[in-house]
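Okay, structure first, notes after.
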Amino acid sequence: QVQLVESGGGLVQAGGSLRLSCAASGRIVSDYAMGWFRQAPGKERDFVAAITGSTRNTHYADSVKGRFTISRDNAKNTVYLQMSSLKPEDTALYYCAARHYVLIGTSPTEYNYWGQGTQVTVSS
């Protein structure tokens, strides 16, 4: 079993930056693909970014490409999402997820474990 805890969300002005963290416990997840998703009120949960295990290949949604960076520190069992040039449309509840597989997935159904989410609000 894997437990994921997100942190680092908050309120920021447009153009600002935030770094989200996702700490995993209960099992070493260095071989798991990890992803970030987000969900705005009344909308579906959307893919944001993902990273493979040891190879650390990454993939981003077009809407965040060039602004967000996903990384991981396997020694700390932690995944990060550095968000820059934030826009009001980035406002959402951000979720960390772990996939019981080494390759990246972009659908929420491909992930086995989820955190409780951290709120990101970007004011205009």
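The values are calculated or read from the model by the stated rules, or taken from the named source; none is laboratory data. Keep in mind the model is a prediction, meaning the values are calculated, not measured. Quick reminder, even Gly has a Cβ in these numbers, built from the backbone with ideal geometry, and neighbours come from all protein chains shown. In case anyone asks, the SASA skips ligands and DNA or RNA and just uses the protein heavy atoms, side chains included. Shrake-Rupley method; radii C 1.70, N 1.55, O 1.52, S 1.80 Å.
State yes or no: is Phe47 without any contact (Cβ under 8 Å) to a residue 40 or more places away in the chain and crowded, with 19+ Cβ neighbours inside 10 Å?
Numbers: without any contact (Cβ under 8 Å) to a residue 40 or more places away in the chain: no; crowded, with 19+ Cβ neighbours inside 10 Å: yes.
The answer is no for Phe47.
Is it the case that Thr52 is free of Cβ contacts under 8 Å to residues at least 60 places away in the same chain, out of contact with any Leu (no Cβ under 6 Å at 6 or more places or on another chain), open to solvent by 30 Å² or more (accessible area, probe 1.4 Å) and more than 17 Å from Tyr95 (Cβ to Cβ)? Please lay out each step first, then the result.
Values: free of Cβ contacts under 8 Å to residues at least 60 places away in the same chain: yes; out of contact with any Leu (no Cβ under 6 Å at 6 or more places or on another chain): yes; open to solvent by 30 Å² or more (accessible area, probe 1.4 Å): no; more than 17 Å from Tyr95 (Cβ to Cβ): yes.
Criteria not met by Thr52.
Filter the stretch 1-24 down to residues that are outside any strand (DSSP E or B) and either open to solvent by 30 Å² or more (accessible area, probe 1.4 Å) or of a type in the set (D, E, K, R) (or both), then give me how many there are. First the steps, then the outcome.
First, pick out the residues of the stretch 1-24 that are outside any strand (DSSP E or B): 1-2, 8-9, 14-17.
Okay, now just the ones that are also either open to solvent by 30 Å² or more (accessible area, probe 1.4 Å) or of a type in the set (D, E, K, R) (or both), so 1, 8-9, 14-15, 17.
Residues meeting the conditions: 6.
State whether the residues of the stretch 25-41 include one that is assigned to a loop (DSSP other than H, G, I, E, B), modelled with pLDDT of 95 or more, of a type in the set (Gly, Ala, Ser) and open to solvent by less than 80 Å² (accessible area, probe 1.4 Å). Show your work before the answer.
Going residue by residue through the stretch 25-41, those that are assigned to a loop (DSSP other than H, G, I, E, B) are 26-32, 40-41.
In the following step, the residues that additionally are modelled with pLDDT of 95 or more were identified as 40.
Still in the list and also of a type in the set (Gly, Ala, Ser): 40.
With open to solvent by less than 80 Å² (accessible area, probe 1.4 Å) added as a condition, the list becomes 40.
Yes.
From the list Ala92, Ala50, Ala61, pick out the single residue that is of a type in the set (A, V, I, L, M) and more than 20 Å from Ser17 (Cβ to Cβ). Quick ask: steps written out before the conclusion?
Working: Ala92 fails: more than 20 Å from Ser17 (Cβ to Cβ); Ala61 fails: more than 20 Å from Ser17 (Cβ to Cβ).
It is Ala50.
How about the stretch 67-114: which of its residues are of a type in the set (Gly, Ala, Ser) and crowded, with 21+ Cβ neighbours inside 10 Å? Lay out the reasoning, then the answer.
To start, the set of residues in the stretch 67-114 that are of a type in the set (Gly, Ala, Ser) comprises 71, 75, 84-85, 92, 97-98, 105, 107.
Passing the criteria: Ala92, Ala97, Ala98.
Quick one: count up the residues across the stretch 76-105 that are touching a residue at least 60 places away in the same chain (Cβ under 8 Å) and within 10 Å of Gly35 (Cα to Cα).
Of the residues in the stretch 76-105, 9 are touching a residue at least 60 places away in the same chain (Cβ under 8 Å) and within 10 Å of Gly35 (Cα to Cα).
Take the conditions over 12 Å from the mean Cα position of the chain (by Cα), open to solvent by 30 Å² or more (accessible area, probe 1.4 Å) and without any contact (Cβ under 8 Å) to a residue 60 or more places away in the chain and apply them to Thr121. Does it pass?
Numbers: over 12 Å from the mean Cα position of the chain (by Cα): yes; open to solvent by 30 Å² or more (accessible area, probe 1.4 Å): yes; without any contact (Cβ under 8 Å) to a residue 60 or more places away in the chain: no.
No.
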